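The values are calculated or read from the model by the stated rules, or taken from the named source; none is laboratory data. All figures in this text were calculated on a predicted structure; none of them were measured in a lab. Neighbour counts are summed over all protein chains in view; Cβ atoms, including those assigned to glycine, are modelled from backbone coordinates with ideal geometry. Accessible surface areas use protein heavy atoms only, side chains included; no ligands, DNA or RNA. Shrake-Rupley method; radii C 1.70, N 1.55, O 1.52, S 1.80 Å.
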Amino acid sequence: MPSTDKLELSVIARAPFHVYYEGTAQVVSATNEIGPFDILPGHADFFSILDPGEITIDTGAEPITFDIANGIVAVKNDEVMLFVNI
């Protein structure tokens, strides 16, 4: 069972030639073929193909949002890796 002591995610969101965000966050929101979803600290290990749409990274300050054409997301041990527009 994941530790509940860690209340942040470690996030990197990148395209082939651009880094959208690298740092900590409280929530990452995206959409796959099932629908919209949120990734929060303690989330189960997860891998998904992303649908076109908006990605939102809630950093606890100003949210970071950007549109994608496609992508994948991998989550493991509160580390979120988004590879988009590939």
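Some notes on this structure:
Yes/no matrix, rows are residues, columns are (1) of a type outside the set (D, E, K, R); (2) open to solvent by 20 Å² or more (accessible area, probe 1.4 Å); (3) closer than 13 Å to LEU9 by Cα; (4) in contact with a helix residue (DSSP H, G or I) (Cβ under 6 Å, 6 or more places away or on another chain):
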position	(1), (2), (3), (4)
GLU33	no, yes, no, no
PRO36	yes, yes, no, no
GLY42	yes, yes, yes, no
ILE55	yes, no, no, no
ASP58	no, yes, yes, no
ILE64	yes, yes, no, no
GLY71	yes, no, no, no
VAL80	yes, no, yes, no
PHE83	yes, yes, no, no
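- Subset of the range 30-58 [of a type in the set (Val, Ile, Thr) and under 11 Å from the mean Cα position of the chain (by Cα)]: THR31, ILE39, ILE55, THR56, ILE57
- Matching strands (runs of 3 or more DSSP E) fully within the chain where at least 1 residues are in contact (Cβ under 8 Å) with a residue 24 or more places away in the chain and hydroxyl-bearing (Ser, Thr, Tyr): 9-15, 18-25, 27-32, 46-50, 53-58
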